Amino acid sequence: MRFGKKIRIKKKIAVDELTDALAVAQSAVFTDYRGINTSELTTIRVKLREAGVGYRVLKNTLARRAADNTDHSNIKGAFEGPVAMAYSSNDVVAPARVLMDYISSSKSNLKVTGGYLSNKLISVEEVAELAKLPSREVLISKILAGMQSPITGLAMVLNGPARGLAIVLQARIKQLEG
């Protein structure tokens with residue numbers, strides 16, 4: 001096999017893998033990794049992996065081809081300069097939260113350049129706001145608590161007259177005994 005054909009096959013595999021990653025990603029955060037050494041990049045990857053987030057350093061031309069193969073062709077503008085992408089298929093907030101926490105706690109040279117959410121590019125400021133949102137589990141528990149509150153209140157109101165009657169009867173019994 002010739003050298004050029006091997007490279008084309010590797011590039012096609014890379015585009016296919018990135019296409020799959022982009023197809024399942026609900027959200028993504030793009031970073032500029034200039035000034036980051038290998039050990040720091042490994043630390044970032046570990047933290048992201050613990051949160052169920054993928055992280056890939058991208059070749060811009062291959063990333064643009066992959067974006068063309070998905071519904072996300074509008075993100076091609078994000079692939080300028082050295083770009084790495086943190087993406088998640090199940091937790092929309094996780095990539096933003098983990099990266100913003102890491103940057104603020106470690107004073108890293110890593111820079112967020114933008115993001116992707118709901119089939120549109122988002123700014124650095126919007127990524128920061130996204131990172132402040134609570135996790136999916138916390139939001140679900142708040143919704144369930146909100147749904148449960150009126151039912152609990154109704155039960156208390158309906159139980160009130162019976163409780164009042166029991167108190168009156170108990171007081172009358174004590175009065176007759178005394």
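The values are calculated or read from the model by the stated rules, or taken from the named source; none is laboratory data. Predicted model, so just to flag it, every value in this text is computed and none were measured. For neighbour counting, all protein chains shown are included, and Cβ atoms are generated from backbone atoms with ideal geometry for every residue, glycine included. Accessible surface is based on the protein model in full, side chains and every heavy atom, while ligands, DNA and RNA are left aside. Shrake-Rupley method; radii C 1.70, N 1.55, O 1.52, S 1.80 Å.
Taking the residues in the stretch 22-42 that are surrounded by 18 or more Cβ atoms within 10 Å (Cβ to Cβ) and in contact with a strand residue (DSSP E or B) (Cβ under 7 Å, 6 or more places away or on another chain) as candidates, determine which candidate is farthest from N90 (Cα to Cα).
Out of the qualifying residues, it is Y33.
For the stretch 54-102, give me each residue that is assigned to a loop (DSSP other than H, G, I, E, B) and open to solvent by less than 50 Å² (accessible area, probe 1.4 Å).
Matches in the stretch 54-102: T70, H72, F79, G81, P82, D91, V92, V93.
Under 7 Å between Cβ atoms, at least 6 apart or on separate chains: pull out the pairs that start in the stretch 3-20 with a residue that is more than 19 Å from I75 (Cβ to Cβ) and end on any residue that is in a helix (DSSP H, G or I).
K11/L62
Can you pull out the residues in the stretch 8-21 that are of a type outside the set (D, E) and either closer than 21 Å to L130 by Cβ or surrounded by 13 or more Cβ atoms within 10 Å (Cβ to Cβ) (or both)?
K11, A14, V15, L18, T19, A21
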